[in-house]
Structure formats: C-alpha cells, structure tokens
Ligand code: EPU
C-alpha cells in the first residue's frame, strides 16, 4: 500500500509546474460523447480520475488513447450501449456527467446513481430536474437513473442552487438539443467557462458560460475538437498554501492567477507575496503568517476545494482563524487528523476555530477525501519529524505526482510502500 512520507521543517525553494485542471478535463472528456470522429485533449493531468473516465468512455464504446499529457478519444465502432455501470460511477461521482451527453446523443441513458460520499450527501436532483425541462422522461430504479428522450428540446432551466456538474450536464445536453436553452442561476466556476469554449469549438453556440445565465443554441450535429485544458487553480492554490505553511520562495509555472483571485486575496492577507511573472507566479513568504477568516462559497467565493489546505496553513499562523464551510455539510474530516499533529482546532457545526501553534508534530495520518489528504501533506511540511499520509489513492485522484513536484522544490517528500493498511 502506497503512502506519502513527509519530513517537515524545510522551506520550499525552486519551481513547480501546475498541470491541467482535473475538474475541467472531466466534463470535456464527457463532451467527446457528443460527436463522431477523433477528439484530442492536450494538457491533461495524469490522475486516477482521468483513468476512471477513460475506462468509462471505453465501456461506452469509445476508443481512448491515454498518453499523458494527451488523450485522444475516437468515435464508436459498432453499437453503443449507453449505460454507465455502478463499478465505475462509485469510484468517481463526476461520472454522472455522461448522463446529459448520452441522452442527447442516443436518446436514452442508464447511469448508476453516484450516491453520497465522504464530504456530503451530494444529490443530483438538479441535474435530473433540468433534463426533464429539456423533455427527458426519467425514473430512478434499482440504483440507476434511467432517462429517455427521442430528441431533447431547448427550454428554460432555473437551478435552485448553483451546481457545478449540474450546470455542466445541462450544457452538454443542451448543446445537441433542438432549439435554444437558457440556464439560470448557474455555477460560475472557470471550468464551466472552459466547457463553454469546447462546446463552441464543437459547433454549438454557448453564450454566458462563467456567468449565472447561460444561453445555448443547440446543434443537430457536433464536431470533434482539439483543445488544451486550462491550468488547475486548486492544484496551484494547494502549492501556494504549501509555501505559506513551510515558508520559502517558489515559482509556480503556469499558475492560473485570475481564476485564483478569491484565494490569492486571502493568501496575501496572511502574509504571502504573490506576483505575476509572465504566465507564471512567484510565491514567497516573507515573515510570520497572520490569522485570517474564510467562508467557502460558490465561485467567485473562496473555493471549498481549498478549505482544507488553507486550514492546514492557518494551524501555524499567529492568532485565531475562523473557517466556515457552506458548500458541503461534512468537509472537516481533516480536522481530527490535524489535531493528531498538534493543531488546536474546535468545531462548532460548520465552523472551525483554529488557534495557531508555532509548529506541528509529524504523525501517521489518513484522510478519506482528496483535498483533506492534500491538507495533511501541507501540514506535514511544517511539522517536526516524520508524517506518513496513508490512503494515497485519494491524492492520486486529483494531484499528479504531488511528492515529485514538492520534492522538486526542495521538500523531503517521497512515496513509500507500507506493509499493510489499518482498517
Ligand atoms: N447539490 C444538490 N443537488 C444537486 C447538485 C448539487 O443539492 O443536484 C448540492 C451539493 O450537495 C452541494 C452543492 O449543491 O452541497 C454544490 O455541489 P456541486 O454540484 O456544485 O458540486 P459537484 O458538481 O458535485 C464540483 C467539483 C467538486 C467541488 C464542487 C464545488 C467536479 C468534478 N467536482 O462538484 O470538486 O468541490 O463542484 O465547487 O467538478 C474536488 O475536486 O475535490 C471536488 C470535490
């Protein structure tokens, strides 16, 4: 069983390359279901979620060639069975993103319900309600979403809450629908804007992606595409938090600073210097870290996907910080593990109160979610002694070779083999 070993208390110095955005690549891979021919995605990160999506596309009859940082998806040969099985969907909730494209393209789809996960219940009701507005008949039976619509038609969908993959699923479906669709109260994340760019390359007309109202003029047929994925703002933000915790001076190559504005504002407030250097970013910690309060919110608020890493950094800041999580109901799983490393954190409902301590102490820890695992690596960088982060498969879902990237900036971080994994 792999684990990440971090020997802390060293500053970071050097450069780290930011890879392509996981949460942009996943819906774009699903967009390949909308056309024939061969699509080419460039700047794709080498992640387990990319492998899982590739496997899912193969199950759906596509030829998929993964040669990171490139993925090619070829049109189906023979008949397509538009069914996404439980074995794949349970590994990755974003698999539900095949629902919209399959329905639009093949008139029916059967997709396993993703179910809850560690960070919360995460229903998909908004996806289903939206697809029903476009004319789909949907039933949920035996753990599957079964949807049918001979030809989807445009309509007006008003989301009750902004949902990232919900907005994406509707954009994917509407792109191949008959007529115009308006989506209202959309999520505004940069990854949604990116999907809009790809759908436009394919021949749909998408206007307003990245704002709360999106108009989509559906096409009768869509073309394959060639596209380089934007850089991963959360990976970049995680490395910024690492510099914040450990100290030092790092050049983040291809850091998407504009997409990270809500995080950068807070990082500057706690004492980091972040400067644009061409398409890169120079990140430095000049003095001691100050405390700061953050509340997560949909974009352009502070991203929930950065909450755990920011909190790990705040564990060693001067004074008291308050972190409030409003997007997911159970996203404090890193807190007990940070506590085992000597952090002083109290939780009251969805708020964590962090009293900074000078330094943490290395321990054997594990987390059951991707960003929580990343926060333990950040904490390990500022700990005395050795930290062993177990259950690395969570990290591998969303960070490409995090140990190599950090080691390249002088950290003592390696992947090790453990004999056995505690239950
Ligand atoms: N929600 C509903 N009904 C729905 C859809 C969502 O109630 O039909 C609720 C969720 O339970 C949650 C809130 O709405 O409380 C927002 O969830 P959203 O749908 O926006 O999340 P998601 O699309 O499932 C994506 C990212 C997550 C990221 C969230 C929030 C992808 C593949 N995943 O998830 O990324 O945390 O948006 O920004 O884009 C990660 O990368 O570690 C990760 C978890």
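What follows draws every value from the coordinates through simple rules; no lab data is involved. Computed from a prediction, not measured in an experiment: that's the story for all the values here. Here the Cβ positions follow ideal geometry from the backbone for every residue, glycine too, while neighbour counts run over all protein chains shown.
To the nearest 0.05, how large is the calculated FRET efficiency for residue 265 and residue 79 if R₀ is 41 Å and r is the Cβ-Cβ distance?
0.20
Testing the spin-label approximation: label points 7 Å from Cα along Cα→Cβ at residue 418 and residue 351. State their distance in nm.
3.4 nm
Share of antiparallel DSSP beta bridges in region 296-402, in percent to the nearest 5?
Roughly 60 percent of the beta bridges in region 296-402 run antiparallel, per DSSP.
Test of understanding: what is the full-extension gain from residue 276 to residue 151, defined as 0.36 nm times their sequence separation minus their Cα-Cα distance?
Stretched out fully, the residue 276 to residue 151 stretch lengthens by 40.2 nm.
If I model a spin label as a point 7 Å beyond the Cα along the Cα-Cβ vector, how far apart are those points for residue 139 and residue 86 in nm?
Those two pseudo-labels are separated by 1.8 nm.
For region 264-407, compute Rh as the Kirkwood radius over C-alpha pairs and then the Stokes-Einstein diffusion coefficient at 37 °C and 0.692 mPa s; write the answer in µm²/s, rounded to an integer.
The estimated diffusion coefficient comes to 212 µm²/s.
Add -39500 (n - 2.57) for each DSSP H run of 4 or more in the chain, then divide by its residues: what number comes out at 222 nm, to the nearest 500 deg cm²/dmol?
After summing the helix terms and dividing by the residues of the chain, the value is -9000 deg cm²/dmol.
Taking the DSSP beta bridges in the chain as the whole, what percent of them are antiparallel, to the nearest 5?
Approximately 70 percent, going by the DSSP bridge assignments.
How much length would be gained if the chain were fully extended between residue 207 and residue 228, taking 0.36 nm per residue of separation minus their Cα-Cα distance, in nm to one decimal?
The residue 207-residue 228 span can extend by a further 5.5 nm.
If N is the number of residues in the chain, what value comes out of its Cα radius of gyration divided by 2.2 N^0.38 Å?
0.98
Using just the Cα positions, wrap region 227-288 in a convex hull and report its mean projected area in square nanometres, one decimal place.
4.0 nm²
Shape call for region 1-101 from the C-alpha gyration tensor, a ≥ b ≥ c root eigenvalues: rounded (a/c under 1.5), prolate (a/b greater than b/c) or oblate?
Prolate is the answer for region 1-101, as a/c is 1.5 or above and a/b outweighs b/c.
Using a Förster distance of 25 Å, how high is the FRET efficiency between residue 340 and residue 121, based on the Cβ-Cβ distance and rounded to 0.05?
0.40
Could you check the simple spin-label distance between residue 15 and residue 318, using points 7 Å along Cα→Cβ, in nm with one decimal?
My value for the distance between the label points is 3.4 nm.
Give the calculated FRET efficiency between residue 393 and residue 220 to the nearest 0.05, with a Förster radius of 56 Å applied to their Cβ-Cβ distance.
Efficiency, rounded to the nearest 0.05: 0.85.
Between region 255-333 and region 7-44, how many Å separate their Cα centres?
Using only Cα atoms to place each centre, the spacing works out to 21 Å.
Taking only the alpha carbons of region 14-64, what extent do you get along each of the three principal axes, in Å, biggest first?
Principal axes ranked by extent give 44, 19, 15 Å for the Cα atoms.
Express in whole angstrom the spacing between the alpha-carbon centres of region 148-176 and region 352-367.
Using only Cα atoms to place each centre, the spacing works out to 42 Å.
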